[in-house]
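Values quoted throughout were computed directly from the atomic coordinates according to the rules given, and no laboratory measurement underlies them. What you see is a predicted model, and the numbers here were worked out from it, not measured in a lab. We place every Cβ from the backbone using ideal geometry, glycine too, and count neighbours over all the protein chains shown.
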Amino acid sequence: MLAGEEAFTPAPVSRPAVNLLPPAERRRCALSVAWALAVAQEAVASSGVSREDFSVVFVSSDGDGDIVHRLCSALAAPAPAVSPTDFHNSVHNAAVGYWSIGAHSSAPSTALCAYDGSFAAGLLEAACQAATEARPVLLIAVDLPYPPPLAAHRPVRHGFAAALALQPGKGLEISMGDGEASPMPARLESFEGNAAAACLPLLAALARPGDAVVRLALAGGVLQARKSG
């Protein structure tokens, strides 16, 4: 689909199985965390690098919409009572906390939010860490649809999660630039509005041979990712 050879057909996605976590944490983690850890495991497994060696940068524009909805509903009730589990999962760095538990990792972790520029901000942070610390960095992005009534204020049609296992000096050259962001790849336009899915133009470029420059929206300009080969 990223290479443009097959069409994208939306279909329901079951909650990912997060075998990385112990049973208690697996039951307690939010849906967005399950999506984040599922793609993180796949990226690390394909990288050839031990998961304990990765620093982690997690990005999400919206966090977990279901938890936000439940917290707002609980606080608006006549006798407000917030679920301890929802409160525990409501922090923006919940996903990297669960990753640290499941991966037995004491490596540095960062959680970022930059509205529609969240993926670009995360890529910039991850690239800076890889360059300055000379270590691999795992970049994880996830955004899921909000339930009503919040969905009307932040319309997202499809959930999306992706992870990139970045290593120093390999594959991408990152710089700041001007101009318009690269368009969503053909036949994937229905992901417009999902801030994590803003990485799709970059993923499409990586899926195809040859050099490419992708521009990702970031407040005040664009982030240019130049791919070689």
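Can you pull the one-decimal nm distance between simple spin-label points at H153 and A17, each 7 Å off the Cα toward Cβ?
3.8
Working out 0.36 nm times the residue gap between A76 and H88, then minus their Cα-Cα distance, what length gain in nm do you get to one decimal?
Result for the pair: 2.4 nm of gain on full extension.
Let me check against my output: what whole-number percent is the relative contact order of segment 23-170, with C-alpha pairs under 8 Å and at least 6 apart?
35
Please give me the summed charge of the neighbours of K227: other residues whose Cβ is under 14 Å from its Cβ, Lys and Arg +1, Asp and Glu -1.
Overall, the nearby charge balance is +2.
Based on the Cβ-Cβ distance of H104 and A45, what FRET efficiency does E = 1/(1 + (r/R0)^6) give at R0 = 22 Å, to the nearest 0.05?
Here the calculated transfer efficiency is 0.90.
Tell me the Kirkwood radius of segment 32-82: reciprocal of the mean inverse pair distance over distinct alpha-carbon atoms, in Å.
Result for segment 32-82 stands at 13.6 Å.
If I stretch the segment between L203 and C128 completely, what's the gain in nm (0.36 nm per residue apart, minus their alpha carbon distance), one decimal?
Stretched fully, the L203-C128 segment lengthens by 25.0 nm.
Using only the alpha-carbon atoms, what does segment 146-195 span along each of its principal axes? Please give whole angstrom values in decreasing order.
Taking max minus min along each principal axis of the Cα atoms, segment 146-195 gives 45, 27, 22 Å.
Between the helical axis of 31-47 and the dominant principal axis of the chain, each derived from Cα atoms, what acute angle in degrees is found, rounded to the nearest 10?
Helix 31-47 and the main axis of the chain meet at about 30 degrees.
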